[in-house]
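The block underneath contains the structure these notes are about, expressed in C-alpha cells.
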Amino acid sequence: MTVTAPRGATPAMTCECRHREDRRPCSGPPVVYVQDAGGSRATGCKRHAATLLASTRGVAVYPVVQHSCEALRTYLLSQQRTPWDFTTPDGLEDWS
C-alpha cells in the first residue's frame, strides 16, 4: 500500500499516504497510519491519510502513539472529502 512520492519531492514534504499525483504538501508530521485488511500499513499526515481513507474501501485509521486523538480527527476529515479530491480544483484548497 506504499504510495510513491511525486517527482522532485523531498522527504520533509512526503508521507506514505500521499498519492503520487497529489501535489499538495503534507499538513504536518505523520500522525496516523492507515491499514488495509491484509495488514499493510502506510503512515501519513492528516491531509493525505484522510484522502486515502476517502478513496479506499476496507481500510482503517489508527493513531501514531504520540498523537492519540488524531485518528478520530483524520476519520472525521475523511468523511468530508470526496475520493481522489486532489484531482479537482476544489480538492486543492488547503482545508485540512
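Among residues belonging to the range 55-96 that are modelled with pLDDT of 85 or more and within 16 Å of residue 21 (Cα to Cα), point out the one that is surrounded by the fewest Cβ atoms within 10 Å (Cβ to Cβ). Only one residue fits best here, namely 56. Considering the range 45-54, and only residues there that are small (Gly, Ala, Ser) and crowded, with 24+ Cβ neighbours inside 10 Å, the residue that is farthest from the chain's Cα centre (by Cα) turns out to be 50. Counting residues in the range 22-33 that are surrounded by 13 or more Cβ atoms within 10 Å (Cβ to Cβ), touching a Gly at 6+ places or on another chain (Cβ under 6 Å), modelled with pLDDT of 90 or more and of a type outside the set (A, V, I, L, M) gives one or more.
The values are calculated or read from the model by the stated rules, or taken from the named source; none is laboratory data. Nothing here was measured: the structure is a model prediction, and the numbers come from that model. As a convention, Cβ positions derive from the backbone with ideal geometry for all residues, glycine included, and neighbour counts pool all protein chains shown.
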